[in-house]
1. Does residue A:95 satisfy being more than 14 Å from chain B (Cβ to nearest Cβ), at positive phi, out of contact with any helix residue (DSSP H, G or I) (no Cβ under 8 Å at 6 or more places or on another chain) and surrounded by 18 or more Cβ atoms within 10 Å (Cβ to Cβ)?
2. Has segment B:325-336 got at least one residue that is farther than 17 Å from residue B:433 by Cα, touching a residue at least 40 places away in the same chain (Cβ under 8 Å) and within 22 Å of the chain's Cα centre (by Cα)?
3. Having 2 or more residues that are within 22 Å of the chain's Cα centre (by Cα) and buried (at least 24 other Cβ atoms within 10 Å of the Cβ) is the bar; report the strands (runs of 3 or more DSSP E) wholly within segment B:389-466 that clear it.
4. So in segment A:226-248, with the set limited to residues that are more than 11 Å from chain B (Cβ to nearest Cβ) and buried (at least 24 other Cβ atoms within 10 Å of the Cβ), which one is nearest to residue B:493 (Cα to Cα)?
5. Where in segment B:544-627 are the strands (runs of 3 or more DSSP E), entirely inside, with at least 1 residues that are within 14 Å of chain A (Cβ to nearest Cβ)?
6. Take the residues in segment A:303-360 that are at positive phi and in contact (Cβ under 8 Å) with a residue 12 or more places away in the chain, then tell me which one is farthest from the other protein chains (Cβ to nearest Cβ).
7. Does segment B:79-88 hold any residues that are surrounded by 24 or more Cβ atoms within 10 Å (Cβ to Cβ) and on the phi < 0 side of the Ramachandran plot, and which are they?
8. Among the residues of segment B:477-503, count how many are within 14 Å of chain A (Cβ to nearest Cβ) and assigned to a strand (DSSP E or B).
């Protein structure tokens, strides 16, 4: 059954991924700095701090944190956009009239027409400012902003709602896409039974259900939720500091866990089944992101400055196809595959976007 | 923000601060070492202990951390190459739970926690006594893994002087000298290294057999100066005064992990201690009063939670932490009957911290201790002890009982067993440090631990064999855990640990002036969930073959540390095996010339726990003389 599902999904993915490869991306793209980031205090500008990326309309869109080396937010959250083959960067200010309605952008997602970004807020203020979900029209800029009662962590888009998690608890919330107001939440996820803290790491949509991870340094739990009510239908363990998830080409969910260095695959169904697909070596550290395209999964490890391409269809089971180092001190944060042979990597340490060409 | 991301943000600053985080220790009283044949401290009779004699390594350029590797039960965690921070772990306890005392005066980091062994001057020391176990009753609260007593060189009546200069790889140099006369001693040591050693790393470590690339370490230079002065003078036939003054100052680069180097971060430190002790006797009883004080200052320049910055530029603030402590102690010992010796002590004082990360805080330190040494029939001896410690609001009692048996007076064979229970109060850093990705927790409670051990030893004049086994239980351990709402790690009393193991030690004479020694340690350290505790190597072996003589000396040694977990989920640091060797000749009169090679096989792939590179092969030439 799994094999049939894979071939079907792979065929669909192949049909969608186009006949030709994406044009080669420019090797490195510097992100704006200084006055371009519209600092609150011109003498103390922040750094771009790129986070998640998404493709829309031929452009890559990158969420920018705009904070300094002490994690002090120095300006409004922004989206940077560029065509990978040219690298010319344009900025979209998410901060609103006072520059503080959206601070420290983290996730950016798209429904194919619009962009949606999370704003983690300024943790150095009390009460915390700038926690929000922002809707962005790629042609017109910010169209709507809703302030969130918590610091949002993870985001997924359904036809009716935007679901996001709470960085400080195991709760999820929903924004109604029509009214652009909070419509549901807090809805409690199944979370690790031990540990002092819980956080919602990421969410995604698959087969009409929402999948969300609640994790801490003891363990991680993936939850299958009703996309309308958020009620938990099922859950399964996916490892400590399960940090990101993505839908794979064969209709499963890939999850990376930063503490045990594992890539897990979750097969939808009742109950959810989880298998360890790949274990990274001890020198590979701090897994940050996972994305998928066709039969491949792409991962990011910020501690070792490495990104990996893992072939889920390899004979004998998932296997490493290639690995690249994006530079000492780069601290890669997210990856965006352009096709099977190249990807963009956002580096929070070097405040840059680099293109990776896979050798295999 | 997912926790993995927050961890990545804070890890750099946490690593830099780690050696200074945590660990309240309590002061102790005077110490004496009861000869080589009884390798133990007078403060801790019948405990499992090892004496490291610094004179055995006279022709070698050694740090205190390197010297301690000769003792079983010891793990030294270096954070990079020469001159970079290094911390101590005894029997799997953390650095905060492993006391280090200089002439009985406890040493702490700027936050009241782990001691940086690299800041201690090895040439100013005479011996080190490593006592293992939960020894709060003997050394004060905080000695959950044990204690290392550093015994400085003694002031002698007769004139004696020595000097040493060395130079070698990475522009590493040392100069040391001491002179003693008329009951006074002055000793100095200066060290410098450029620290620019070559190392190798895989850039794509998940690809099997991916190539290693060569790098050169930058911003790893270190310069340090240390001085020691002692004065011991009899005041009467039954009283003596002993003064001790020690100071140290250092400046070093903080190069950061190899994956995210910090070219601009630096650390400066300045510290010292002053102690005065009056000892005497009245009939069969002995007494001592002592007062001492310590002050330390540590400045971090260009250090930020995420990367580094140029000191003096906007937004690049300095961290400046000042820690001081002072204490007065009184103790007395007296016989009770013909087979019992009772020892009582009281002390009082305080400790203070003030700094950009912690703010200003103080707390009182009070203790009262009692112990007995009881000779029993049939070769048995019992040593019950108890100590009350009040550290600020934290008050606890540390009881202990050790016992020994020997078939007859002077027999080389002895059996020892011990039990101890104690606590460690939270340090100022754990309670108050707010810095970058680190949050304080003023509600912390003390950690608690107990242990039991037993051992057998054979100690003839030249042959020494010993074996011991132990079990330790820890509760309320203070561990840093992520607070995702604030993107910070914060300490909590959440840890548990069960550590058991055994230790083997052997010193054997060989023909032609050679001697062989070996120390092996096995550790099994888990939490209540059965997960391995990070940074505890299951196996460690130190083996050394050395020759001493009037004209020719030399040694060859190896240090093996098995793979160890870097976290509780089986992510491991690779096995490390290092060979060192050296030889020296007496060139003229008292002048010796020595050559030594460390990391003989030039393994440039070694890394420490935090993936800081360690040096490959280094060569040093030493010239030394003693009159």
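1. The answer is no for residue A:95.
2. So far as segment B:325-336 goes, yes, one or more of its residues are farther than 17 Å from residue B:433 by Cα, touching a residue at least 40 places away in the same chain (Cβ under 8 Å) and within 22 Å of the chain's Cα centre (by Cα).
3. Output list reads B:413-424, B:447-459.
4. A:238
5. Ranges flagged: B:576-588.
6. A:317
7. Within segment B:79-88, B:81, B:82, B:84, B:85, B:86, B:87, B:88 qualify.
8. Summing the residues that are within 14 Å of chain A (Cβ to nearest Cβ) and assigned to a strand (DSSP E or B) in segment B:477-503 gives 16.
The values are calculated or read from the model by the stated rules, or taken from the named source; none is laboratory data. These figures come from a predicted structure and were not determined experimentally. Using ideal geometry, Cβ is built from the backbone for each residue, glycine included, and neighbour counts are taken over all protein chains shown.
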